[in-house]
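Participant: Pasting in a structure now, in structure tokens, and then I'll have a few things to ask.
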Amino acid sequence: MAQSPSPAVVTVTGAAGSIGYAALFRIAAGAMLGPDTPIRLRLLEIPSAVSAAEGTAMELDDSAFPLLRDVEVHDDPKRGFDGTDVALLIGSRPRSKGMERGDLLAANGQIFTVQGRAINQVAADGVRVLVVGNPANTNALVAANNAPDIPAERFTALTRLDHNRAIAQLARRSGAAVKDIRRVAIWGNHSRTQYPDIFHARVGDRSGAEFAADREWLTGDFIPTVANRGSAIIEARGASSAASAANAAIDHVHDWVLGTPEDDWTSVALPSTGAYGVPEGLVSSFPVRSVDGSWQIVDGLEIDDFSRKRIDASVAELESERDAVRVMGFI
Ligand code: NAD
Ligand code: LMR
């Protein structure tokens, strides 16, 4: 009889928040690590939200998920990340009234310094970290810099939501089914400066470049729709995207652990190795494939002037965020 895999410890921070609530039940049902991997959930919250997280833990129990071994709720990062194999860092400090960008970087720099250190000390050797909480790329940079014993490439930030948004917009434009759209790419920051790139995409039997040739649509509709989608959702819902963000986080970890489809790739923000001229160490989004459980940046893509200008603009924003957290002493 085949042995079942040992349970994976999955830590979710911000577990009492909207994305946490949308993610936890699907993780427990096996959507993230597959139908054969038992899950042990660790819910990490701030003290004032522990009671709400305990309520979610009761609901997880009540769902009687066959894969779910146990659920613990913590407000101490060292306990929440103890032995963790997959850490979803969703909880972060939202921008409040009167808060400047620098204040936001400072508040989150503090949180991700503490969490990076705790992960460094107590997580499992092969831990994989996905940062969802904004500003996600720079929060991941801070966490990675505070975890010197863990290879930097295990710290990633979420741009899969932007990737999925780009697929949906291209499907709408072309009339193709979502499943027939492959090889779109998100470059840069998870912010409105990001560059969703369809020049290398496949739309069924057609090339993405064919659609990109309509510059009016590309620059006047596609790029701003994808890049500003987060704000559009906040305006419409009165709250930021939650279920689609949870879905993207699950897609990200699923593909990281179980692999990307043969003829496709996805987008992930990870520490740059200098590829495509992105300064080393910046947590920037690239087209990537998951090979044997590790992300590999897709190499050899031709980047024309149109794309170069847009990638450079987003990378410049990442550099200024990095410089700000450096001055604040977080990295
Ligand atoms: P939310 O306000 O509903 O929940 C956030 C939760 O995080 C709260 O329960 C809060 O108590 C908790 N929290 C705050 N600080 C914490 C800490 N130090 N440790 C543990 N928990 C902590 O927010 P949400 O809608 O779930 O969104 C969470 C984050 O995800 C926000 O920063 C949002 O901007 C970001 N987001 C990112 C993407 C992306 O694609 N990268 C998409 C959507 C939202
Ligand atoms: C999104 O892309 O939906 C979010 O990152 C928006 C936000 O600012 O929370």
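Participant: Could you tell me whether residue 225 is among the polar types (S, T, N, Q), closer than 26 Å to residue 279 by Cα and either assigned by TED's automatic domain parsing to the domain that holds residue 246 or within 14 Å of ligand 1 (Cβ to nearest atom) (or both)?
Facilitator: Numbers: among the polar types (S, T, N, Q): yes; closer than 26 Å to residue 279 by Cα: no; either assigned by TED's automatic domain parsing to the domain that holds residue 246 or within 14 Å of ligand 1 (Cβ to nearest atom) (or both): yes.
Spelling it out, it is not the case that residue 225 is among the polar types (S, T, N, Q), closer than 26 Å to residue 279 by Cα and either assigned by TED's automatic domain parsing to the domain that holds residue 246 or within 14 Å of ligand 1 (Cβ to nearest atom) (or both).
Participant: When you go through 18, 48, 96 one by one, which is the residue that is modelled with pLDDT under 95 and hydroxyl-bearing (Ser, Thr, Tyr)?
Facilitator: None of the others qualify; the one that does is 96.
Participant: Considering only the stretch 229-240, I want to know if a residue exists there that is in contact with a Phe, Trp or Tyr (Cβ under 8 Å, 6 or more places away or on another chain), more than 22 Å from residue 298 (Cβ to Cβ), within 11 Å of ligand 2 (Cβ to nearest atom) and among the hydrophobic types (A, V, I, L, M, F, W, C).
Facilitator: no
Participant: Provide a single number: the residues in the stretch 229-262 that are away from ligand 1 (no atom under 13 Å from the Cβ), closer than 21 Å to residue 169 by Cβ and outside any helix (DSSP H, G or I).
Facilitator: Count: 2.
Participant: Given the residues 29, 57, 16, 49, which is the only one that is in contact with a strand residue (DSSP E or B) (Cβ under 9 Å, 6 or more places away or on another chain) and closer than 24 Å to residue 143 by Cβ?
Facilitator: Only one candidate qualifies: 16.
Participant: Only helices (runs of 4 or more DSSP H) wholly contained in the stretch 98-193 count here; list those with 1 or more residues that are outside the structural domain of residue 284 (by TED's automatic domain parsing) and under 19 Å from residue 319 (Cβ atoms).
Facilitator: 101-122, 136-145
Participant: Taking the options 31, 64, name whichever one is within 23 Å of residue 158 (Cβ to Cβ), outside any strand (DSSP E or B) and either among the aliphatic types (A, V, I, L, M) or more than 16 Å from ligand 2 (Cβ to nearest atom) (or both).
Facilitator: So the residue among 31, 64 that is within 23 Å of residue 158 (Cβ to Cβ), outside any strand (DSSP E or B) and either among the aliphatic types (A, V, I, L, M) or more than 16 Å from ligand 2 (Cβ to nearest atom) (or both) is 31.
Participant: Let me ask another. Which of the residues that make up the stretch 281-309 are under 24 Å from residue 104 (Cβ atoms) and surrounded by 21 or more Cβ atoms within 10 Å (Cβ to Cβ)?
Facilitator: Of everything in the stretch 281-309, those that are under 24 Å from residue 104 (Cβ atoms) and surrounded by 21 or more Cβ atoms within 10 Å (Cβ to Cβ) turn out to be 282, 283, 284, 285.
Participant: Suppose we filter 66, 47, 38 for residues that are touching a Leu at 6+ places or on another chain (Cβ under 9 Å) and over 14 Å from residue 20 (Cβ atoms); which single one remains?
Facilitator: 38
Participant: For the stretch 148-184, which residues satisfy the criterion of being aliphatic (A, V, I, L, M) and either within 16 Å of ligand 1 (Cβ to nearest atom) or closer than 20 Å to residue 106 by Cβ (or both)?
Facilitator: Result: 157, 158, 161, 166, 167, 168, 184.
Participant: Additional query: Being more than 19 Å from residue 250 (Cα to Cα) and free of Cβ contacts under 8 Å to residues at least 12 places away in the same chain is the requirement here; does residue 48 meet it?
Facilitator: yes
The values are calculated or read from the model by the stated rules, or taken from the named source; none is laboratory data. What you are looking at is a predicted structure, and each value in this text was computed from that prediction instead of being measured. Every residue, glycine as well, gets a Cβ built from its backbone with ideal geometry; the counts of neighbours run over all protein chains shown.
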